[in-house]
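Here the structure is laid out as structure tokens; the discussion comes afterwards.
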Amino acid sequence: MTQRILLISTNRELAPQPVLPAGAALVAQALQVAGFQVRLLDLCFEKRPLRRIDDTLRTFGPDGIGISLRNLDNCDLLSPRSYLHEVKEVVDFLKSRTDAPVLIGGAGVSIMPRRVLEFLELDYAVAGEGEAAAVMFFQAGGAEERSRIPGVVCRREEAAPEAGEHLGRIGVMPRLHRWVDTKLYLRFEPVIPVQGKRGCANRCLYCTYPAIEGNRWRCRDPGEVAEEIEAAMAAGGMEFEFVDSVFNQPEGYMEMLLEKIIRSRIRARFHVSSLSPSGLTGSQVRLMERAGVVSVVITPEAASDATLAALRKGFTAAEVARAAFLLSGSGIRALWCFLLGGPEEDENTLAETIAFMNRKIPGKDRAFITTGIRIYPGTGMHETALREEVVSPAEDLLMPAFYFTPRLTLKQAQKMLRYGIEAQERCIFPSDTRLGPVGAFRRLGAALKLPTPFWRYSSSLNRLMQRSRVINRSW
Ligand code: B12
Ligand code: SF4
């Protein structure tokens with residue numbers, strides 16, 4: 001008899017926008033291709049999630065359960081929130097209703113699989129990508145076989161697992177619309193995620209991506225990516241966001257992908273969730289425009305050489321300025337991301353970054369400013385935080401823990417941002433994205449088919465919210 005597998009996507013975060021559970025859908029598809037009968041239960045918009053789970057367990061009767069955990073927390077030093085307690089409720093409820101084996105995976109799990117298993121009192125997790133591991137797990141005969149699957153971490157076994165599968169190519173063709181009610185998400189911004197590659201070969205001080213996706217680039221065949229986009233367009237999608245760790249690396253891949261899109265005559269709007277200023281050229285910017293890229297999130301994190309070096313970003317403030325120059329001459333809108341308060345940050349470095357925001361970011365662009373850096377185990381940031389006694393070796397870091405430079409106080413930094421940045425309304429802070437009017441505006445924008453990305457309207461929205469005192473930036 002065919003085994004039935006229920007996959008549950010637990011992410012219910014709506015800020016800065018609800019995100020389609022692309023990872024859970026890929027795992028669902030891989031299981032189906034392997035011959036399982038699969039159902040994906042997406043809890044994002046469920047009013048009574050436990051009741052929905054209960055109903056599904058009764059009607060579907062799964063033989064195995066997969067839980068997808070995308071976010072551990074919101075990474076916000078000023079207003080931290082962990083999602084783990086609500087996931088624990090789901091896990092406890094499942095345990096009270098079924099004995100089916102449970103496997104948990106997702107980006108949040110990959111960052112610290114053993115700690116997640118201990119907190120949730122589960123036995124098996126996948127660290128890294130889940131397509132192959134989930135299939136092998138649910139095909140396995142028993143506990144011993146399960147604990148030998150590459151990428152599977154077993155709570156009861158001390159030994160570290162073999163490295164995750166980190167497949168050379170994605171292997172399964174993503175078909176999000178078959179698994180998820182995409183319309184519910186597109187009400188907030190009509191953009192569908194697409195992955196051109198996995199992994200990142202860089203070594204930035206604080207970053208978890210190599211733990212999640214592997215530490216080398218693994219690019220998909222551009223033809224396969226184009227085919228995925230065409231299939232999503234046939235199902236009604238018109239806008240796509242590349243969610244690659246770094247869109248313009250490794251060298252040459254972005255060009256191959258965009259040229260394929262142009263040759264295939266795909267006429268869609270594209271967004272990029274992470275563009276590096278490193279080595280960006282004018283011809284790359286022009287190619288992006290030709291292929292239909294309308295917005296990029298660019299991630300310099302700082303515009304001071306001392307901070308960039310401490311964060312091990314691998315590029316200089318001059319390269320950041322050059323990227324600003326190139327993008328300002330294009331029709332592409334950029335959201336500039338800054339991560340303030342890292343090692344070496346002081347009044348001078350912060351002043352340099354603020355000067356960059358004032359002088360180099362063009363009026364069409366916005367700045368997304370995060371203060372403080374989430375500390376994750378195994379990263380250089382963790383080593384620094386231990387050395388500087390910001391955290392103790394006993395802290396497991398499962399709940400949000402942050403680094404903020406000892407050379408500045410938070411109040412000082414906030415004051416500098418408040419009085420130093422000239423165009424306050426062009427800045428977005430993480431807490432702004434959680435405000436009620438932002439969600440309402442997103443829905444209105446999608447209903448009226450306003451041009452994307454919706455963060456381009458943040459200045460007007462900020463002014464409105466300041467006036468009606470929904471936000472108060474007096475700090
Ligand atoms: C792109 C991105 C965004 C974009 C999303 C755009 C979009 N249209 O989708 C934006 C900017 C909106 C965003 C926002 C946020 N993000 Co984000 N995001 C990412 C990023 C770079 C890629 C995610 C992605 O789509 N991957 C592609 C899919 C296919 O991969 P996947 O989901 O990981 O799935 C694979 C595996 O995890 C596994 N898997 C998944 N589910 C399951 C289930 C089972 C059973 C198994 C076995 C395996 C498995 O198999 C899948 C296929 O191989 C990741 C970092 C990263 N490299 O993963 C951060 C990341 C997921 N985000 C993170 C966070 C924190 C957030 C925010 C909370 C930040 C904030 N405060 O605003 C919000 C939350 C938004 C929300 N509503 O949930 C964190 C989560 C970890 C943590 N610290 O808690 C990450 C890991 C980055 C980080 N800081 O380390 N994000
Ligand atoms: S911050 Fe970006 S470039 Fe640096 S290691 Fe992480 S994904 Fe790679």
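All of the numbers you see were taken from the coordinates with simple rules; none came from a lab. Keep in mind it's a predicted model, so treat the numbers as computed, not measured. Every residue, glycine as well, gets a Cβ built from its backbone with ideal geometry; the counts of neighbours run over all protein chains shown.
Would you mind classifying segment 77-149 by shape? Square roots of the alpha carbon gyration tensor eigenvalues, ordered a ≥ b ≥ c; an a/c under 1.5 is rounded, otherwise it is prolate if a/b is larger than b/c and oblate if not. Oblate shape, in that a/c is at least 1.5 and b/c is the bigger or equal ratio. With 0.36 nm allotted per residue and the present C-alpha distance subtracted, the LYS364-PHE325 stretch has 12.8 nm of extension available. Report note on the peptides 271-278, 61-68: ranked by the mean count of other C-beta atoms within 10 Å, highest first, their order is 271-278, 61-68.
Our summary gives the chain a relative contact order of 13 percent, counting only alpha carbon pairs under 8 angstrom and 6 or more residues apart. Computed over segment 4-154, relative contact order equals 23 percent, with contacts defined as Cα pairs under 8 Å that lie 6+ residues apart. Restricting attention to the chain, the count of lysine pairs at 8 or more positions apart or across chains with alpha carbons under 27 Å apart stands at 16.
How tilted is helix 347-360 with respect to the longest principal axis of the chain? Cα atoms for both, answer in degrees (0 to 90, nearest 10). Helix 347-360 and the main axis of the chain meet at about 80 degrees.
Dividing the C-alpha radius of gyration of the chain by 2.2 N^0.38 Å, with N its residue count, gives 0.97.
In a fully extended conformation the segment linking LEU444 and ALA394 would gain 13.3 nm over its present Cα-Cα distance, using 0.36 nm per residue.
Taking the chain as a whole, the Cys residues whose C-beta sits 4.7 Å or farther from every other Cys C-beta are CYS44, CYS75, CYS154, CYS200, CYS219, CYS337, CYS427.
Peptides 173-179, 140-146 ranked from most to least packed by the mean count of surrounding Cβ atoms within 10 Å: 173-179, 140-146. For segment 173-201, backbone nitrogen atoms closer than 13 Å to the point 7 Å from GLU227 Cα along Cα-to-C-beta are found at 173-175. Beta-bridge orientation, the chain: approximately 15 percent antiparallel, per DSSP, counting only bridges with both partners inside. Label zone of ARG218 (point 7 Å out along Cα→Cβ, amide N under 15 Å): in segment 172-210 this covers 172-174, 195-201, 209-210. Close amide H partners of LEU41, meaning residues 5 or more places away or on another chain with modelled amide H under 5 Å apart, are LEU7, ILE8, SER9. Computed from backbone phi, the HN-Hα couplings of segment 331-346 come to x, 7, 8, 10, 9, 8, 9, 10, 10, 9, x, x, x, 6, 6, 9 Hz, rounded to whole numbers (Karplus: 6.51 cos²θ - 1.76 cosθ + 1.60, θ = phi - 60°; Gly and Pro given as x).
Placing a pseudo-label 7 Å from each Cα along the Cα-to-Cβ vector at GLU352 and ARG387 gives an inter-label distance of 1.9 nm. Note on MET238 and SER264: their simple-model spin labels are 1.9 nm apart, each label 7 Å out from Cα toward Cβ.
For segment 4-154, the C-alpha radius of gyration divided by 2.2 N^0.38 Å, with N the number of residues, is 0.98.
Among beta bridges identified by DSSP and lying wholly in segment 238-379, the antiparallel ones come to about 0 percent. Backbone amide hydrogens, once placed in the peptide plane, bring ARG333 within less than 5 Å of SER295, VAL296, excluding anything fewer than 5 places away on its chain.
For a paramagnetic label modelled on ASP54 (point 7 Å from Cα along Cα→Cβ), amide N atoms under 14 Å away belong, within segment 96-136, to 96-98.
For segment 163-321, a crude dipole built from +1 on the beta carbon of Lys and Arg and -1 on the beta carbon of Asp and Glu, taken about the Cα centre, is about 200 debye to the nearest 20.
Once the Cβ-Cβ distance between GLN3 and ARG97 is put in as r, and R0 is 22 Å, what FRET efficiency do you end up with, to the nearest 0.05?
Approximately 0.75, to the nearest 0.05.
Placing a pseudo-label 7 Å from each Cα along the Cα-to-Cβ vector at LEU410 and ARG81 gives an inter-label distance of 1.7 nm. Per-residue ellipticity at 222 nm, computed for the chain from helices alone with -39500 (n - 2.57) per DSSP H run of at least four residues, works out to -11000 deg cm²/dmol. Near the amide H of GLY128, within less than 5 Å, lie the amide hydrogens of GLY106, SER110, all on another chain or at least 5 residues away, with H placed in the peptide plane.
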